[in-house]
Ligand code: NAP
């Protein structure tokens, strides 16, 4: 293990895609991590990163200078990864992730994944650093289960749930959430690039994102769950019903949420719970931790994706419109940046926590 002051060398799997580009962009000048390796499909492999993303760079500004000349590798070049990296971020399509992430972990390379492949694997922790950092203890159990030495897999949950899981987590601890109905309005960047055809989404709303409702209903149960023996046991004390829609915004997933608790909280108690909700411990000084993990806006017409998605580097969850619900107890609107908080930024925050706890 390197000493805690040394920068960690990082690989990005799927570096040319929507999430991969966000990793490259956010990691520019990162104080703890340096990008030293990149993987993409055979059509990008062998090119420099600048050549591979030419004409399809979607981030603000230019391709960061220090990665422009890095050569893109194929996913099977495990020797190069082991030589060049201390750990990798995976932003691979889930079918490729399914084939490769375990091979990386078995080869001694820790994987922080954005893919859905291992989210429901019982010994793989699914982490939101502010909500369930204690699930990182699964890493040692996972390594024991699999006979892995240095490698492991940690995953980040689906982007669609980021805008309401943290606000519900803090209420669940205090008042026991029982039932939730959530309707999401998800940005087109959530489908990657080229993603949804413009003819399907402009001037339109698509009321189906394949597999998304199931993930939205199940993943919070694992995140709120607890470690028992050699796996994470889901918290089945509450039920979520989700409607997931693709809407013509570019970035920022919004969610309208109605919920009831075992004991109805007051408005004051809910707002206090959100205000007091803390991120990872301050003394860890994680560079990507938002100042305020949940930001409540009192303006009656907020949050809005275009105006609010980039608050606090795109890492805070912005909520608003808390009001009583005539069917459930309360309702609110939540918003998070899907490729930052919901993807690359969320992955980086997990990796920072892993480094602070000496896992990488
Ligand atoms: P994307 O834009 O389609 O990018 C896919 C990436 O995978 C590209 O870099 C692509 O390389 C690479 N790839 C494809 N086939 C490959 C192969 N055979 N070997 C190695 N690399 C290969 O998708 P995305 O939106 O970035 O999503 C990436 C992952 O993150 C997915 O699992 C997705 O579900 C998850 N995710 C996405 C979001 C979001 O908001 N977009 C949020 C959370 C999680 P080429 O460019 O060379 O084809």
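The values are calculated or read from the model by the stated rules, or taken from the named source; none is laboratory data. None of the values given here were measured: they were computed from a predicted structure. Virtual Cβ from ideal backbone geometry, glycine too; neighbours counted across all protein chains shown.
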*asked:* Checking the structure you have, find out if any residue of region 11-18 is within 28 Å of residue 157 (Cβ to Cβ), assigned to a helix (DSSP H, G or I) and either touching a residue at least 12 places away in the same chain (Cβ under 8 Å) or more than 25 Å from the chain's Cα centre (by Cα) (or both).
replied: yes
*Looking at (1) crowded, with 23+ Cβ neighbours inside 10 Å; (2) within 16 Å of the ligand (Cβ to nearest atom); (3) at pLDDT 95 or above, which is the one condition that is false for residue 105?*
(2)
*Restricting the search to region 108-133, which residues are more than 14 Å from the chain's Cα centre (by Cα) and either within 17 Å of residue 351 (Cβ to Cβ) or within 13 Å of the ligand (Cβ to nearest atom) (or both)?*
108, 109, 110, 124
*Hey, any hits in region 25-46 for a residue that's assigned by TED's automatic domain parsing to the domain that holds residue 112, farther than 21 Å from residue 153 by Cα, more than 9 Å from the ligand (Cβ to nearest atom) and more than 23 Å from the chain's Cα centre (by Cα)?*
yes
*Could you tell me which of the residues 306, 302 is touching a strand residue (DSSP E or B) at 6+ places or on another chain (Cβ under 6 Å), closer than 25 Å to residue 190 by Cα and at pLDDT 95 or above?*
302
*Exactly one condition in (1) without any contact (Cβ under 8 Å) to a residue 60 or more places away in the chain; (2) surrounded by fewer than 18 Cβ atoms within 10 Å (Cβ to Cβ) is not met by residue 309; state its number.*
(2)
*Determine, yes or no, whether residue 156 is within 11 Å of the ligand (Cβ to nearest atom), over 16 Å from residue 339 (Cβ atoms) and either in contact with a helix residue (DSSP H, G or I) (Cβ under 8 Å, 6 or more places away or on another chain) or free of Cβ contacts under 8 Å to residues at least 60 places away in the same chain (or both).*
no
*Could you please give the count of residues in region 100-120 that are assigned to a helix (DSSP H, G or I) and within 23 Å of residue 219 (Cα to Cα)?*
4
*When the residues of region 50-65 are filtered to those that are within 14 Å of the ligand (Cβ to nearest atom) and more than 24 Å from the chain's Cα centre (by Cα), which remaining residue is farthest from residue 351 (Cα to Cα)?*
55
_Can you pull out every residue in region 303-333 that is part of a strand (DSSP E or B) and more than 16 Å from the ligand (Cβ to nearest atom)?_
318, 319, 320, 321, 322, 323, 324, 330, 331, 332, 333
*Quickly run through region 187-214 and pick out the residues that are within 11 Å of the ligand (Cβ to nearest atom) and within 22 Å of residue 341 (Cβ to Cβ).*
187, 188, 189, 190, 191, 192, 193, 195, 209, 211, 212
*Give the residue that is farthest from residue 77 (Cα to Cα), with candidates limited to residues of region 1-10 that are assigned to a loop (DSSP other than H, G, I, E, B) and touching a residue at least 60 places away in the same chain (Cβ under 8 Å).*
4
_Considering only residues that are in a helix (DSSP H, G or I) and near the ligand (Cβ under 8 Å from one of its atoms), which ones fall in region 66-99?_
94, 96, 97
*Given the structure, is residue 256 in contact (Cβ under 8 Å) with a residue 12 or more places away in the chain, more than 30 Å from residue 108 (Cβ to Cβ), crowded, with 18+ Cβ neighbours inside 10 Å and in contact with a strand residue (DSSP E or B) (Cβ under 9 Å, 6 or more places away or on another chain)?*
no
*Of (1) modelled with pLDDT of 95 or more; (2) away from the ligand (no atom under 16 Å from the Cβ), residue 163 satisfies all except one. Which?*
(2)
_I'd like the full set of residues that are closer than 18 Å to residue 216 by Cα and surrounded by 24 or more Cβ atoms within 10 Å (Cβ to Cβ), limited to region 130-156._
155, 156
_Checking residue 3 against (1) more than 16 Å from the ligand (Cβ to nearest atom); (2) in the same structural domain as residue 102 (by TED's automatic domain parsing), only one condition comes out false. Which one?_
(2)
